[in-house]
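The next block holds one structure in the form of structure tokens; read it before the comments.
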Amino acid sequence: MAIHKDLLGGPPPTHLPDDPEPRELLANGTAPADVAAKYPTSSLAWAQLADDAFENGRVVESYAYARTGYHRGLDSLRRSGWKGHGPVPWEHEPNRGFLRALHALARAAQAIGEEEEYERCSVFLRDSSPAAADTLG
């Protein structure tokens, strides 16, 4: 029996549990506000609200939505055993809502001149998932 161990001694990747309902509703065209109202713990719904608001020039609203999705994601990560650091792989689709919210928070923070938060969130995103940072820009 082979035992796989992180030779660098880092924490194992965190994989959030799948929550397909919000993802399916969004994919089928349900309004993100309706999805967030029905599934308020869904980082994905909040991230989509943040993206939509940002694209329409509502930066402060985007910031608020992104912050909500980010904090909902942190709650979910902690329930999944995350200890405040370590990989949160983009390749695991249920992680994408949190990672998108984190990216949206960084983007909105930069847009309103909140440079410290922009830097913190950008580093957090890259540390959590280089693939997410590269994919989301």
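The values are calculated or read from the model by the stated rules, or taken from the named source; none is laboratory data. The structure presented is a predicted model; accordingly, all values stated were derived computationally and were not measured. Here Cβ is always computed from backbone atoms with ideal geometry, including for glycine, and neighbour counts include all displayed protein chains. Areas reflect the complete protein model, heavy atoms only, side chains present, ligands, DNA and RNA absent. Shrake-Rupley method; radii C 1.70, N 1.55, O 1.52, S 1.80 Å.
Of all residues in region 102-126, which are surrounded by fewer than 21 Cβ atoms within 10 Å (Cβ to Cβ), within 13 Å of residue 62 (Cβ to Cβ) and among the aliphatic types (A, V, I, L, M)?
Of everything in region 102-126, those that are surrounded by fewer than 21 Cβ atoms within 10 Å (Cβ to Cβ), within 13 Å of residue 62 (Cβ to Cβ) and among the aliphatic types (A, V, I, L, M) turn out to be 111, 112.
For a quick check of your reading of the model, give me the residue pairs whose first member lies in region 112-137 and is without any contact (Cβ under 8 Å) to a residue 40 or more places away in the chain and of a type in the set (Ser, Thr, Tyr), whose second is surrounded by 14 or more Cβ atoms within 10 Å (Cβ to Cβ) and assigned to a helix (DSSP H, G or I), with beta-carbon atoms closer than 7 Å and at least 6 apart or on different chains.
From residues that are without any contact (Cβ under 8 Å) to a residue 40 or more places away in the chain and of a type in the set (Ser, Thr, Tyr), the pairs are 118/106; 118/109; 118/110; 122/106.
If residue 76 passes every condition in (1) touching a helix residue (DSSP H, G or I) at 6+ places or on another chain (Cβ under 6 Å); (2) within 23 Å of residue 10 (Cβ to Cβ); (3) surrounded by 16 or more Cβ atoms within 10 Å (Cβ to Cβ) but one, which one does it miss?
It fails just one condition, (1).
With the requirement that a residue be of a type in the set (Lys, Arg) and closer than 19 Å to residue 13 by Cα, what does region 106-137 give you?
Within region 106-137, just 126 meets the criteria.
Could you go through region 26-42 and let me know if any residue there is under 17 Å from residue 108 (Cα atoms) and loosely packed, with under 12 Cβ neighbours inside 10 Å.
no
When you go through (1) without any contact (Cβ under 8 Å) to a residue 60 or more places away in the chain; (2) touching an Asp or Glu at 6+ places or on another chain (Cβ under 8 Å); (3) open to solvent by less than 40 Å² (accessible area, probe 1.4 Å) one by one for residue 99, which number turns out not to apply?
(2)
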